[in-house]
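What follows is a set of notes on a single structure, which appears directly below.
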Amino acid sequence: MAIKHGVRARTQLGWYEAGLPVGERKQRGHFSTPLALVDQMLDACGYCASADLRHLRVLDPACGSGNFLARAAQRLCCSGLAQGLDQPQVGALVQYNIWGLDPDPVACCLAEMQVGAAIDAACETHHISCRPHIHQADSLALSWQPCVDLLLANPPYLATKNTDLSNYRQARQRIQTDSYLLFLDLALRAVRPSGWIGLVLPDPVLARANAAPERARLLSECTLHHIWHLSGVFAAEVGAVVLIGQKIPPHSLHQVAWTRTRWHVRHTSDPLSQPTQPPQTVSQELLKRQPGAELRYLLSSEQGQICERLRSALDQPSAPNCLLPLADLVDIKRGEELGRENVAVQPLTELADDYPVLRGGVDLRPYAQPKTGWSIARAAIKKPIERYLGPKLLVVKSTEHLQAALDTRGHVVLQTLYVLRVREQNDSLDTYYFLLALLNSRLLHDYVAHLHTAYKLVQPQLEQGVLARLPVAWGELEARRAIAERARELERACSETGAVVEWGQHSSPFYEEQERAIRALYAAAVPGIFADKGVV
C-alpha cells in the first residue's frame, strides 16, 4: 500500500507540473526543487535522521507540491522511530512539526500526498496516521514572529515590473522589490535564534542593488555557512543560489564556503561535491564591508583581492587625477531601443538614407574596428544622430566580460551597446585609444567579472552604473600617450575573425608589454594594489 501511495503522489505531481505551460510556470514562479538538492540542503542544515529532531519545527512558506516538507517528514519519522517513539507519537510529531503554506489549493493537495508517501516510505512496517499542517494561505500576508527552527523554501521569483506586489506592506515600504526578497525578509523574521534558514533564490540576490537591505540583515543576523551558485537547476532562464545560514550573529573570523558550478546529480551523497578541488571560502566580514552587502564570493581569490583593493581605493579620497571613475571622463549613452531582429534592421544597402548599424556584441570584437553587414533607415533612428557621428567607444552590455572597440566610421548602434564620448576637455584620439586599452585590459576585465557580472549565470549584463564607476588610473601624460600608441598598434594587429582578441606571433609580446604598462599605471595610482597579502 505504501508503494502505491508513493507512486500515486509522484504521478499526480508529474502530471500537474507537466500540464502547466512553460510561460505560465514562469509567470507563477512554479518550479519544483530537485529532491537531490532538497536532501543536500537538509544535510547542510543538520536536519538528519540520525539527529534528535523531535523539538524542531519546520516551515516552508511557499511549499508548492511539497518536496521540502516530504523529505523533512521522512527524516523526522526515521528520527522518531530511532528514538523509540511509538506510532501515535511519531504521527503527532509530524503533525506538530511539519508546516507548509501555499496559495495554490492544488499544490497544497499534492504536498499532502507527497508527505503521506514519504511517511509511508519511512515507516514501512508501521502505519502512521497524521495530518500535517499544510494550508492554503498567502504567507506574505501574515504577521510573523520567531516561531520556527528550520525554514526551507524555493519561493516564486516574481519581479515587480511584471507583478503587482503593492498589497504587501513590506513591498510598499520599498522603491523596488521582487517577491523572493519578501520571502527572505519573512525568513529573517520567522526563524528563532539559533534556527536555520535554507533558501533557493534567483542569483540576482547576490549583487543586485534592490536586495541590499535583505543582504545586510542576513550578514548581520546570521552566520552564513554556504553559498551554492548553480546553473541548470530549473527550466527558467535564471541561475539559482542556495543560501544556508544559522540565526546566530557571525564571528568576525567566520568563513563562508562557496561553490559555483552547473547542477547535476552525482552518484555520491553530495551532488555538489568537486572531489578534485579543495573547498573555497570567503570571509563574511569581507561580504559585510561591500557597499551594498553584496555576496561577492569571488573576492576570496587572489585576483578578487586585487579587485577589492581597487574598488576600495576608488571610494576613498585620493590625489587629484590619480584614480577617477570613468564617468568623470566620458558621457555614457545607450543606442537605439531596438532589438536586432527588428524589421528596421535590414541587410546593408547603398541607399543614401540608410546608415550602417551595429547590432550589439555579435558585431563587436575587442580592439578591432567594427564592421557590419546591416543598415537602418534614417527614419527609424530616434536618438540624436550626433550621438553616433565622430569617434566613440562602444562597450558591450549583455556580456559577462568587459569588451570595447573604437568606432570612427559613424555606425549607428542598438541598445545592447553603450556609446561613450570623451568629454570636451579631454577630447582627443589619444584619450580614446588610452581608454580603449584600459577597457580591454585583463585588470578591468577581472574587475567587472569579480565584482559584478559573474553573479548572474544566465544572461549577465553590464549595468550602466557599473560602467560609470569603473576606476581609471589617469597617470602621467607621457604614460597615457605610450599606452594609446600601443592600442593603435594592437587595433591594427587584431585578427579578422573570431569572437575574441587573437594576436599573431609578433603581436603577443607587444600585448603583454601593454598589460605590464597598464598594471604599472594602476600600481602608481593605488600603492599596494598588487600586494601578496589578502585584504582580510
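The values are calculated or read from the model by the stated rules, or taken from the named source; none is laboratory data. As the structure is a prediction and not an experimental result, all values here were calculated from the model. Heads up, the Cβs are rebuilt from the backbone with ideal geometry, glycines too, and the neighbour counts pull from every protein chain shown. Quick note on the areas: whole protein, heavy atoms, side chains included, nothing else; ligands and nucleic acids left out. Shrake-Rupley method; radii C 1.70, N 1.55, O 1.52, S 1.80 Å.
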Notebook entry, point to check: In the list LEU243, LEU224, which residue meets the criterion of being of a type outside the set (S, T, N, Q), closer than 20 Å to LEU37 by Cβ, free of Cβ contacts under 8 Å to residues at least 60 places away in the same chain and in a strand (DSSP E or B)?
Noted result: LEU243
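Which of the residues belonging to region 247-259 are surrounded by 18 or more Cβ atoms within 10 Å (Cβ to Cβ) and not hydrophobic (A, V, I, L, M, F, W, C)?
Taking region 247-259 and keeping what is surrounded by 18 or more Cβ atoms within 10 Å (Cβ to Cβ), we get 247, 250, 255-256, 258.
Within region 247-259, LYS247, PRO250, GLN255 qualify.
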Check: If a residue has to be touching a His at 6+ places or on another chain (Cβ under 6 Å) and within 11 Å of GLN136 (Cα to Cα) to count, how many in region 100-123 make the cut?
Finding: 1
Margin query: Please go through (1) modelled with pLDDT of 90 or more; (2) among the acidic types (Asp, Glu); (3) over 32 Å from the mean Cα position of the chain (by Cα) for ASP328 and return the number of the only condition it doesn't satisfy.
Written below: (3)
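Test ASP120 against the criterion of being among the acidic types (Asp, Glu) and closer than 28 Å to LEU182 by Cβ, and give yes or no. First the steps, then the outcome.
On the way: among the acidic types (Asp, Glu): yes; closer than 28 Å to LEU182 by Cβ: no.
Answer is no for this residue.
Being of a type in the set (Lys, Arg), more than 28 Å from PHE510 (Cβ to Cβ) and buried (at least 21 other Cβ atoms within 10 Å of the Cβ) is the requirement here; does ARG359 meet it?
Numbers: of a type in the set (Lys, Arg): yes; more than 28 Å from PHE510 (Cβ to Cβ): yes; buried (at least 21 other Cβ atoms within 10 Å of the Cβ): yes.
Yes, satisfied.
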Notebook entry, point to check: Out of all the residues in region 289-311, which are surrounded by 15 or more Cβ atoms within 10 Å (Cβ to Cβ), part of a helix (DSSP H, G or I) and out of contact with any His (no Cβ under 7 Å at 6 or more places or on another chain)?
Noted result: TYR297, SER300, GLN305, ILE306, GLU308, ARG309, LEU310, ARG311
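Going by the conditions given, is VAL412 open to solvent by less than 10 Å² (accessible area, probe 1.4 Å) and closer than 25 Å to PHE510 by Cβ?
Numbers: open to solvent by less than 10 Å² (accessible area, probe 1.4 Å): yes; closer than 25 Å to PHE510 by Cβ: no.
Against the criterion (open to solvent by less than 10 Å² (accessible area, probe 1.4 Å) and closer than 25 Å to PHE510 by Cβ), VAL412 does not qualify.
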Next item on the list: Just give me the residues in region 362-384 being farther than 25 Å from ALA487 by Cα and either open to solvent by 20 Å² or more (accessible area, probe 1.4 Å) or over 36 Å from the mean Cα position of the chain (by Cα) (or both), in sequence order.
Entry: GLY373, TRP374, ALA377, ARG378, ALA379, ALA380, LYS382, LYS383, PRO384
Item checked: Inter-residue pairs, beta-carbon under 7 Å, first closer than 11 Å to GLY360 by Cα and touching a residue at least 12 places away in the same chain (Cβ under 8 Å) and in region 334-348, second small (Gly, Ala, Ser) and surrounded by 15 or more Cβ atoms within 10 Å (Cβ to Cβ), 6+ apart -> LEU338/ALA344; ARG340/GLY360
Margin query: Just to be sure before I move on: is GLY14 over 21 Å from CYS123 (Cβ atoms), modelled with pLDDT of 55 or more and open to solvent by 20 Å² or more (accessible area, probe 1.4 Å) in the structure I sent?
Written below: no
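In this structure, is ASP60 open to solvent by 20 Å² or more (accessible area, probe 1.4 Å), under 27 Å from GLN145 (Cα atoms) and of a type in the set (Asp, Glu)?
Numbers: open to solvent by 20 Å² or more (accessible area, probe 1.4 Å): no; under 27 Å from GLN145 (Cα atoms): yes; of a type in the set (Asp, Glu): yes.
No: the conditions fail for ASP60.
Residues in region 369-383: is at least one under 17 Å from LEU326 (Cβ atoms), among the aromatic types (Phe, Trp, Tyr) and part of a strand (DSSP E or B)? I'd like the intermediate steps shown before the answer.
As a first pass, look at region 369-383 and keep what is under 17 Å from LEU326 (Cβ atoms): none.
No, the conditions are met nowhere in region 369-383.
Every residue, every condition in (1) closer than 22 Å to TYR180 by Cα; (2) among the aliphatic types (A, V, I, L, M); (3) surrounded by 24 or more Cβ atoms within 10 Å (Cβ to Cβ); (4) in contact (Cβ under 8 Å) with a residue 24 or more places away in the chain, yes or no:
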position: ASP52; (1), (2), (3), (4): no, no, no, yes
position: HIS55; (1), (2), (3), (4): no, no, no, yes
position: SER65; (1), (2), (3), (4): yes, no, yes, yes
position: ALA73; (1), (2), (3), (4): no, yes, yes, yes
position: CYS77; (1), (2), (3), (4): no, no, yes, yes
position: ASP86; (1), (2), (3), (4): no, no, no, no
position: ALA92; (1), (2), (3), (4): no, yes, no, yes
position: GLY100; (1), (2), (3), (4): yes, no, yes, yes
position: PRO105; (1), (2), (3), (4): yes, no, no, yes
Next item on the list: Could you pull out the residue among ARG215, ARG208, ARG192 that is touching a helix residue (DSSP H, G or I) at 6+ places or on another chain (Cβ under 9 Å) and surrounded by fewer than 22 Cβ atoms within 10 Å (Cβ to Cβ)?
Entry: ARG208
Next item on the list: Tally the residues that are within 20 Å of TYR157 (Cβ to Cβ) and not hydrophobic (A, V, I, L, M, F, W, C), restricting the search to region 41-77.
Entry: 6
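Scan region 327-368 for residues that are assigned to a strand (DSSP E or B) and among the aromatic types (Phe, Trp, Tyr) and jot them down. Give the steps one after another, and end with the answer.
Of all residues in region 327-368, those assigned to a strand (DSSP E or B) come to 330-334, 336, 345-347, 354-358.
Hit for region 327-368 is TYR355, nothing else.
Among the listed residues LEU182, LEU201, identify the single one that is open to solvent by less than 20 Å² (accessible area, probe 1.4 Å), in a helix (DSSP H, G or I) and touching a helix residue (DSSP H, G or I) at 6+ places or on another chain (Cβ under 9 Å). Break it down into steps so the answer makes sense when it comes.
Details: LEU201 fails: in a helix (DSSP H, G or I).
Of the residues listed, the single one that is open to solvent by less than 20 Å² (accessible area, probe 1.4 Å), in a helix (DSSP H, G or I) and touching a helix residue (DSSP H, G or I) at 6+ places or on another chain (Cβ under 9 Å) is LEU182.
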Check: Using beta carbons and a limit of 6 Å, which pairs, at least six apart or on different chains, have the first residue in region 390-417 and within 20 Å of ASP446 (Cβ to Cβ) and of a type outside the set (Lys, Arg) and the second one outside any loop (DSSP other than H, G, I, E, B) and at pLDDT below 90?
Finding: VAL396/GLY361; THR399/GLY361
Note to self: I'd like the full set of residues that are of a type in the set (A, V, I, L, M) and open to solvent by 50 Å² or more (accessible area, probe 1.4 Å), limited to region 422-456.
What the structure shows: LEU429
